[in-house]
Structures are given as structure tokens and as C-alpha cells.
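Some notes on the structure that comes next.
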There are 2 protein chains.
Amino acid sequence: MTRNRALVYVEHPDKGIEPAKHFKVADSEIDLDGVALNGGVLLKTLYVASDPYIRYRMREPHLPSFCPPIQLGDPVDNSGVGVVLRSEDPKFKPGDYVAGYLEFAEYAVYPGKIVHGYKMPLTKVDKVPGVPLSIYVGTLGMPGTTAYQGIKYFASEKLKSAKKMFVSGGAGAVGTFVIEYVKHIAPHVKIIASAGRPEKIQILKEVGADIAFNYKDEDTKKVLEANGPIDVYWDNVAGPTLDAALKNLSDGGLIIACGAISQASHDENSVVRYFDEVFKRSLTVRGFAVYQGESAAVVPKFYEEIVPLVMQGKITSREQRYNGLENAGKALADVHVGANVGKPVIVVAEE
Amino acid sequence: MTRNRALVYVEHPDKGIEPAKHFKVADSEIDLDGVALNGGVLLKTLYVASDPYIRYRMREPHLPSFCPPIQLGDPVDNSGVGVVLRSEDPKFKPGDYVAGYLEFAEYAVYPGKIVHGYKMPLTKVDKVPGVPLSIYVGTLGMPGTTAYQGIKYFASEKLKSAKKMFVSGGAGAVGTFVIEYVKHIAPHVKIIASAGRPEKIQILKEVGADIAFNYKDEDTKKVLEANGPIDVYWDNVAGPTLDAALKNLSDGGLIIACGAISQASHDENSVVRYFDEVFKRSLTVRGFAVYQGESAAVVPKFYEEIVPLVMQGKITSREQRYNGLENAGKALADVHVGANVGKPVIVVAEE
């Protein structure tokens, strides 16, 4: 028998995530040689991701939202990478690396009970030379796909004539992808980007932002007034940052509503005061969630277009690693207070 | 010499419009036979309109907005209908009826000094049998064009597959046009509509709303929960009504942001709390102002398509008349407190 450590969800939060309160590290045992596979595979988990949207899954299960709830008593699950130990599925053989929607557990059998209908089947992945497999939970995973889906589907046309773009939350895995990908497909566009820590401002510059600023030190509205108007705004945060953007968009401007991290923890201060700019400036707002809606039509082209850009160093990655599931709760909380620098990756086991 | 009464703008409001404080009725004299035309026309004003957006023009002139400010000491101006008394412009002759952007004055020479670059040249109009000429400031004027531009350009395609639509501010000149026009082009769509007075609920039913409710008596969110989800939301009001709609849109739903009357008077309570639904539900929001932006491309087809519908009784009108410029201030204020029923028309002189 082998220890099987997991991070279990035990209490619904009111506002922010408190790791010690809302999660529990639970050890059980698993018989790696004998556990029934029922036609599936037994995986050893290597990496799982922390993403801001997980906060939306931490809710009373009767409340509707865009993503399924996590049930109290179940392990957290999210995108991850594992290695196949045993398989009854002809698509996989022992030693294969797979990416998919994985449990926060050292070992698990898939399809498991908690994949909650999420449309992310296990996919065999190849190691990209020189890059850790954890890239499949970041640049080549959900965050990268999010950025690609939003830019490719909603902004490609507009970017041809756009002069300036603003990206909030620019130093995260989605934000850096957006900046680098826009610089690749529309190099004439000047990019203004914000983040909330000095190390992140450095990242914004590394990935090619023309103007990088710390929204805690500088007033977003003033920065945009001085450098705008902006034609496209990629919104990861909503709230007051969105308000600042609304006041500085050009007529006919485009907002891509990708996330609202300022609202994810139900902060009552994160309201939008200048929604009326949407009609005053003839704005278009396109909201989307990754893998969902009409914009998901571009997702099948993702690997084909992006893997070469990763290999050429045009799309880059950076991660902050959390070692062991005992630190996974902190990783889930950190993204809501901006404490991480780079994509938060929980290393469950070494490659 | 003839008396020339005008409504002059004399003070910027902080919040709502107070007629006695912000306007002054000023009488001057005009020599109708001798006043210089400088190549233009002398008009006798018949009707001018009160529209909610005028509140946005009542501001310090250095503040930017989507419409030009009215200068202190100038007459208010807005869409209106007049009759030509004298003309040096070959397009017009005495006795012609014209619609355009007119001063709130009994007589004026056009092009005048205060048309502020508004792209609404004087247009010769024909009397529609059985209908007062004031229809050119309502159903066949700016409000009708607003409704037409928004539905035709942004919603025509979506309405083909939509099942349900919600219209707020449904009893106003824009709202009734939206309801009747959607029922004409997409009769399968069930329409839920709101207004704030019993007489207005009656209007909603007359124009074909399937579910008509008074948002002061019934909770908008509950009505939409019981009758939704909605696929299209025509937003005239923003604020809490928009929030209720955001929570009840179907995935991939469409919001047409036409106005934000709840915000026009800078009411701090009129914030949007659930903007995050835009990404959660993969929503599209299309804002526009009449005659502006790419959606204005459909405006040239307006008369051709709509005049026959008016003559067939498919698009109807209702107005509340205010007699004389001495009551024009009240007409401008009433639209912000829902006091009018029907399009507010200021009768400056009888036809």
C-alpha cells in the first residue's frame, strides 16, 4: 500500500480563501498494483495548477455559476499533468504523460468520480524540449488557451487597425500570453499593461509591454489618460480598473471580458460605476470562458499555432512552484491577493 | 417686431434637473421680415422634444462626453419640427415642414450658432396622414431611429434563434418602438417588458409585450427568474435592472446598451455589481449612440422601412404634450423621474 495524499475541500468561504480553514490535507492509502481501473487509467500526479476561477467553484452546490461546484469532502480538481502507471484504456500506456482535469491527489483513477462533466478529457502530451511538463497547466494549458481563444476569436480583426491596447493583470499566465501573442500577430499595437508588484512589472517589460505600471503606485485612470485612448482592453480584473478603462477607450473600442478577479471573492467594493460609457463610446464587450461558447471554435488550432511559438521563444513561461499538496491551499489563495509571481504550479511529484 | 420666447440654460445641475433653477424663460424680439438669413432659413418652431440624454449635455463644457455640452446662456437645443417662414437655401421654400436639431425658441435662423456640430441637418418632411408632425421628434425621429439602429444592426441575427427578450424602460418612445419592431421582424420572440407606472404597464400591453410588469411593485430579478432566461436584453436604464438581467441571461446572450437613465443624473447608487456575468455567461454587450459608430450604417434605410409600418399601424406612437416653452423645463426634468407617459413633446406653436 502507498500513501495517497490529497487536498480536500471542507468549508465554503464567505470572501477570500483561507487555506487552513477551507481545505484539509488528507492521507489515505492506495494499492497501486490492485486498484480497479474499470477501463480507465491510474495516474501518478506530477503537477496541478492554481487558477483564480477555482474560487467560483468553492460555493454551495445549489448556486449556479459558469463552472461546477466542488463538493465538500471531495478533493479539489483542476488542470494538471500526470504519468500513466497502469492503463485499461487503449489510448494510453504506462509511462505516457497526460494532461487533463486532475484531482489534487498523489494518485487517482480516471475517469474519476469528480470530473464533474468538465469537458477536458485526458490528452497524451509530448515533452517540449527544454520545458517542464508543467507548461501544460500554464502556457500550453488552460491559461494559454484562454488568452488564445479571446484574442484569436474576438480581437484579431480589431487589432489590425488598433493603435493601443491595455492589459490588466498583465503578469499572470493569461496576461503574459496575451501580450506576447498580440505582439506576434499585431506588432504595431502599443501595449500598456498593469500588475501589482515590482517583480511583475519586470515581467511585463520582459514580455514586451511598451508601458508597464504598478497599479498600486500609479493611478490607472491617469496612466491611461496620459497614454490612451485605448482601442482594445483585455480585462482580467473588472472593478475600478475596468472603470478606468471605460473612461479611456476610443469610440468603437473593444473590451474582452476574460475575468473579474476583483469580484471573485465577492468584494462589495468591486462594482462598475461607468457602465454608461458602453453606450456613450459605442463599445463592444465580449465575455467568454475558456472552452465555452462560440469563441471555443478556435481552440482546436491552439497547439498547432502555439507550440512552434513556444519553441521559438516567442511565447514564454514563468512559474512559481509550490512543493507538495500540503502547500496547494496556499497556492489557491495566493492568486487572489497577487502573492504569486508567475503561474502557480503545485508540484505533487517530480517528473 | 415679434416676441421670440426661448428656454435658456443658466446653471449646471449636480444631480437631477430642477427647471426653475437650471433654466430661464427669456423673451426677446425678432424682426421676422428683416432678420438676416445668411444663406439659411428662418423657421417658426412647432415642436421640440425632451429626451433623457439632454442631461448629459448639461455639464461644464470642458468635461468630455458623447454629446456636445450646452453653453450657459444659450437656448437648449434638441430635435424638433418647424415650418419655413423665409429661405435663402434652395432646398427649402416658405411653408415647408422641416425636422432637425432646433433651438428651444419660437423662431430661429438656421444654420444657427448653437447646432454644435451635431450631425443632423435640416430635412424636409412630409406630413404622414392622420399623424401629427411631432412624430418626427418621436417614432420617426431620434427615439425611433435609436430603436431601429440598435435592433437592426445588433440584434437582427440573434433574434432569429432567440426565444425571449427583456426590454427595460419599455413604455418610452424607444422602448415601444423596440417592442413593436421586434414583434414585427421576429414574432416568435416572447417579450418581457418593464416600466414604472400603471399607465405605462397598459402601454406595454398595447404594444404587444407578453409579460409587462411594474418594477416598483415587482422585483425585476424575480420576474426574470420566473420567466427567463432571456436571450436578448435591451437596456435603457443600467444600474440594478441591468444587474437583474445579467443574472438571467442565457449563455451567449446579447445586451444592447442603449442608455443608462439610472446613471444620467449621477446617482451613486446606480452601479453594476454583476459585471462578472459577462464572462461567466459568454455575453456580448453592444453599446451605441444614435447616428454614431458602425451601427449608424443602417440609418439610411429607416424612413423607407418604418414609414409604411407607421401607416399600417404596426409601429405606434403616444405623446405627452407640454404647451409652450414655459413648460419645457418640466418636460426635460420629467423624463428622469418617469413622470411622463408617452413621448414628451413641447408644443411651441400649433401646426
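Which one of these does A:R59 not meet: (1) charged (D, E, K, R); (2) assigned to a loop (DSSP other than H, G, I, E, B); (3) in contact with a strand residue (DSSP E or B) (Cβ under 9 Å, 6 or more places away or on another chain)? Unmet condition: (3).
Taking only segment A:241-252 into account, find how many residues are in a strand (DSSP E or B), surrounded by fewer than 21 Cβ atoms within 10 Å (Cβ to Cβ) and of a type outside the set (G, A, S).
If we filter segment A:241-252 for residues that are in a strand (DSSP E or B), which is where we start, we get A:249-252.
Restricting the remaining residues to those that are surrounded by fewer than 21 Cβ atoms within 10 Å (Cβ to Cβ) gives A:250-252.
Filter once more, so that each one left must be of a type outside the set (G, A, S): A:251.
Residues flagged as in a strand (DSSP E or B), surrounded by fewer than 21 Cβ atoms within 10 Å (Cβ to Cβ) and of a type outside the set (G, A, S) within segment A:241-252 amount to 1.
So in segment A:211-240, with the set limited to residues that are assigned to a strand (DSSP E or B) and of a type outside the set (F, W, Y), which one is surrounded by the fewest Cβ atoms within 10 Å (Cβ to Cβ)? Show your work before the answer.
Filtering segment A:211-240 down to residues assigned to a strand (DSSP E or B) leaves A:211-214, A:230-235.
When the remaining residues are screened for being of a type outside the set (F, W, Y), the result is A:211-212, A:214, A:230-232, A:235.
Working: A:I211: 17, A:A212: 23, A:N214: 15, A:I230: 25, A:D231: 22, A:V232: 27, A:D235: 28.
Per the criteria, the residue is A:N214.
I'd like to check something: does segment A:1-10 contain any residue that is in contact with a strand residue (DSSP E or B) (Cβ under 8 Å, 6 or more places away or on another chain), in a loop (DSSP other than H, G, I, E, B) and over 24 Å from A:T123 (Cα atoms)? Even if it seems obvious, please write down each step before you answer.
Step one: of segment A:1-10, the residues in contact with a strand residue (DSSP E or B) (Cβ under 8 Å, 6 or more places away or on another chain) are A:1-10.
Checking which are in a loop (DSSP other than H, G, I, E, B) leaves us with A:1, A:10.
From what's left, over 24 Å from A:T123 (Cα atoms): A:1, A:10.
Yes, some residue in segment A:1-10 is in contact with a strand residue (DSSP E or B) (Cβ under 8 Å, 6 or more places away or on another chain), in a loop (DSSP other than H, G, I, E, B) and over 24 Å from A:T123 (Cα atoms).
Per the listing B:I255, B:I261, the residue uniquely more than 7 Å from every other protein chain (Cβ to nearest Cβ), buried (at least 23 other Cβ atoms within 10 Å of the Cβ), within 22 Å of the chain's Cα centre (by Cα) and at pLDDT below 95 is B:I261. Applying a threshold of 7 Å to beta carbon distances and a minimum spacing of six or more residues, or different chains, the list of pairs starting in segment B:49-70 at a residue that is without any contact (Cβ under 8 Å) to a residue 12 or more places away in the chain and ending at one that is part of a loop (DSSP other than H, G, I, E, B) reads B:P61/B:P69; B:P61/B:Q71; B:S65/B:R59. Tallying residues that are assigned to a loop (DSSP other than H, G, I, E, B) and touching a residue at least 24 places away in the same chain (Cβ under 8 Å) within segment A:71-91 yields 8. Of all residues in segment A:291-300, those satisfying the criterion of being at pLDDT below 90 and either surrounded by 23 or more Cβ atoms within 10 Å (Cβ to Cβ) or facing another protein chain (nearest Cβ under 9 Å) (or both) are A:Q292, A:G293. For segment A:311-351, what are the residues that are more than 14 Å from the chain's Cα centre (by Cα), surrounded by fewer than 20 Cβ atoms within 10 Å (Cβ to Cβ) and not in a loop (DSSP other than H, G, I, E, B)? Listed by number, the residues that qualify are A:M311, A:R321, A:N323, A:E326, A:N327, A:K330. Looking across segment A:152-182, the residues that are hydrophobic (A, V, I, L, M, F, W, C) and either surrounded by fewer than 22 Cβ atoms within 10 Å (Cβ to Cβ) or without any contact (Cβ under 8 Å) to a residue 12 or more places away in the chain (or both) come down to A:L159, A:A162. I'd like to know if segment B:56-70 contains one or more residues that are crowded, with 17+ Cβ neighbours inside 10 Å and over 23 Å from the mean Cα position of the chain (by Cα). The answer is no; no qualifying residue exists.
Go through the residues of segment B:295-305 one by one and say whether even a single one is assigned to a loop (DSSP other than H, G, I, E, B) and either more than 15 Å from the chain's Cα centre (by Cα) or closer than 20 Å to B:M58 by Cα (or both).
Step one: list which residues in segment B:295-305 are assigned to a loop (DSSP other than H, G, I, E, B), which gives none.
Checked against the condition, which is being assigned to a loop (DSSP other than H, G, I, E, B) and either more than 15 Å from the chain's Cα centre (by Cα) or closer than 20 Å to B:M58 by Cα (or both), segment B:295-305 yields no hits at all.
From the set of residues in segment A:114-151 that are surrounded by fewer than 19 Cβ atoms within 10 Å (Cβ to Cβ) and not in a loop (DSSP other than H, G, I, E, B), which is modelled with the lowest pLDDT? Ranking the candidates gives A:T123 first. Against the numbered list (1) of a type in the set (F, W, Y); (2) closer than 20 Å to B:T241 by Cα; (3) within 14 Å of the chain's Cα centre (by Cα), B:F166 comes up short only at (3).
The residues on offer are A:Y101, A:Y9, A:Y47, and the sole one that is of a type in the set (F, W, Y), crowded, with 20+ Cβ neighbours inside 10 Å and modelled with pLDDT under 95 is A:Y101. Summed over segment B:224-250, residues that are in contact with a strand residue (DSSP E or B) (Cβ under 6 Å, 6 or more places away or on another chain), more than 11 Å from chain A (Cβ to nearest Cβ) and not hydroxyl-bearing (S, T, Y) total 6.
The values are calculated or read from the model by the stated rules, or taken from the named source; none is laboratory data. These numbers were taken from a predicted model, which means no experiment stands behind them. Cβ coordinates were reconstructed from backbone atoms using ideal geometry, including for glycine residues, and neighbour counts include every protein chain displayed.
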